[in-house]
Amino acid sequence: MSEFSESQKRVLGLTTEHLLHYDEGGSQFLLESQTLDAYKKLKVAAQSAGFDLCLISAYRGYDRQKVIWEGKLDGARKVHDDDGKTIDLNQLSDEQKIAAIIRFSAIPGLSRHHLGTDIDIYDANVMSKDAVLLEPFEVEAGGPFAPMHEWLDEQINNNNAFGFYRPFKERSQTVAPERWHLSFRQEAEKLLKHLSPSLLESLWETHPLKLNERLIAESGRYYQFFTQ
Ligand SMILES: [Zn+2]
């Protein structure tokens, strides 16, 4: 028994029933079906431009994001700043901790990876998957993945990216632009219509996580950061 509808469960990362399995180089991923079709086309196009466009990550559910969130709060996982330097959370207030984490890591319930329409990518011609850090220097001008991202910018600008776009394109105060992250816009936007501050409050009340009282109290603000 759940108080959430099927669409609500999808946007909150509480179900995988609608997702398809995809095997890439021995790694398993879950993706929404239209997103998977579009991804395969993008991959072929990249191949003919000389890039081996591959996935680092696709769907991640609420529970997985909760492990990441709590690992960062516990100090088991590193929290870094825009320059890749480690931040010591012990020196920070709860609100500052949240602000530091959400620069690069979503709050459980507010991850675009819940949607099954969003992916993190790299160029496997340049380095192996294990060596990828997903840090800004890798994708910025001069970085190892810059050529593939310049090509992707061109495809996106010319409407040749099979429906993918960059949802964190603008440099914002709150969430860092993640050039490695692409979203299949049509399906993502459809799903995100089901998200609201009150839905998030219900989620955090019924699926508790660290600092959830703070999150519940500020649900409107975090929702805005995410959707702006
Ligand atoms: Zn991502």
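Which order results if Val44, Val126, Val139 are arranged by neighbouring Cβ count within 10 Å, fewest first?
With the fewest neighbours first, Val44, Val126, Val139 line up as Val44, Val126, Val139.
Given a Förster radius of 30 Å and the C-beta distance between Asp23 and Phe137 as r, what FRET efficiency does 1/(1 + (r/R0)^6) yield to the nearest 0.05?
Rounded to the nearest 0.05, the efficiency is 0.50.
Pull up all non-local amide H partners of Leu20: gap of 5 or more, or a different chain, and H-to-H distance under 5 Å with H placed in the peptide plane.
Under 5 Å from the amide H of Leu20: Leu31, Glu32, Ser33.
Tell me the Kirkwood hydrodynamic radius of region 101-228 in angstroms, computed as one over the mean inverse distance between distinct C-alpha pairs.
16.1 Å
Given the peptides 61-68, 91-98, arrange them by the average over their residues of other C-beta atoms within 10 Å, most packed first.
In descending order of packing, they fall as 61-68, 91-98.
If the limit is 30 Å between Cα atoms, which of Lys43/Lys190; Lys85/Lys129; Lys43/Lys85; Lys9/Lys72; Lys40/Lys78; Lys85/Lys193 go over it?
Too far apart for the 30 Å limit: Lys43/Lys85; Lys40/Lys78; Lys85/Lys193.
Just from the alpha-carbon atoms, what are the Rg and Dmax of region 6-227 in angstroms?
Final numbers for Rg and Dmax: 17.2, 50 Å.
Amide H to amide H under 5 Å from Ile56: which residues, 5+ apart in sequence or cross-chain, H placed 1.01 Å off N in plane?
Amide H neighbours of Ile56, under 5 Å, 5+ apart: Asp120, Ile121, Tyr122.
Can you give the three extents of the C-alpha atoms in region 48-174 along their principal axes, from longest to shortest, in whole Å?
Answer, in whole Å and largest first: 48, 29, 28 Å.
Determine by what factor the alpha-carbon radius of gyration of region 60-128 differs from 2.2 N^0.38 Å, reporting the quotient.
With N residues counted in region 60-128, Rg over 2.2 N^0.38 Å equals 1.23.
Quick note: the coordinates plus some simple rules give every number you see, no bench work behind them. As the structure is a prediction and not an experimental result, all values here were calculated from the model. Neighbour counts are summed over all protein chains in view; Cβ atoms, including those assigned to glycine, are modelled from backbone coordinates with ideal geometry.
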